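Asks: Got a structure here, written out as structure tokens. Questions coming.
The values are calculated or read from the model by the stated rules, or taken from the named source; none is laboratory data. Note that the coordinates shown come from a computational prediction; the quantities given were computed from them, not determined experimentally. A quick note on method: Cβ atoms are made from the backbone with ideal geometry, for glycine too, and the neighbour counts reach across all protein chains shown. These accessible areas exclude ligands, DNA and RNA; they are computed on the full protein's heavy atoms, side chains included. Shrake-Rupley method; radii C 1.70, N 1.55, O 1.52, S 1.80 Å.
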Amino acid sequence: MDLKMKGFQTNKQSIYIDCKQLLRRLYRLRFKVAKRHRDSLFDKCLFPALLGMIRHFRRAYRFRDERVKELDEFLFSFEDFNSWVDVASEEKVINDKEYASLFEYIVRIYESVNAYRNSARKARSSAGSNDDGASENKDDSRGGDGFI
């Protein structure tokens, strides 16, 4: 197996693994914060955004024709999650040490999913689909009227 392809497969798997590890870390963090923040911040904001990320990634991984769309949805859920983590940090709901541990996963996920999305866009554009575009065989490229 080509070294580049092996790295690409590891990269795709690491997005899912990092999301699951982030979910696990967030679950542990939930019990370290005050009870008044658990329901409003974690149960209604952070967990749904993170589970949405996992859902969209799994769908993008399984269905090739919807990959770019689902990765875009993943990024939207990711931005929601990231915004809530920033709010929690600014309001001192979570301390700086916990924020740093979450941010480590956030950076890795963001870099990996952007690389995966770019490769999916390239694969989609080079797939040669003629649904929307003109035909590949132009008459003038063969010369004459196009008959062989």
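Asks: What are the residue pairs meeting all of these: first residue in the stretch 64-90, first residue among the acidic types (D, E), second residue open to solvent by 70 Å² or more (accessible area, probe 1.4 Å), Cβ atoms under 7 Å, and 6 or more apart or on different chains?
Replies: Note: pairs meeting the criteria are E66/R59; E70/R59.
Asks: Of the residues in the stretch 55-76, how many are closer than 14 Å to I109 by Cβ and open to solvent by less than 20 Å² (accessible area, probe 1.4 Å)?
Replies: Total meeting the criteria: 4.
Asks: Give, as residue ranges, the helices (runs of 4 or more DSSP H) completely inside the stretch 1-112 that count at least 2 residues that are among the polar types (S, T, N, Q), at pLDDT 85 or above and within 30 Å of A123 (Cβ to Cβ).
Replies: In the stretch 1-112, 67-90 are the helices (runs of 4 or more DSSP H) which contain 2 or more residues that are among the polar types (S, T, N, Q), at pLDDT 85 or above and within 30 Å of A123 (Cβ to Cβ).
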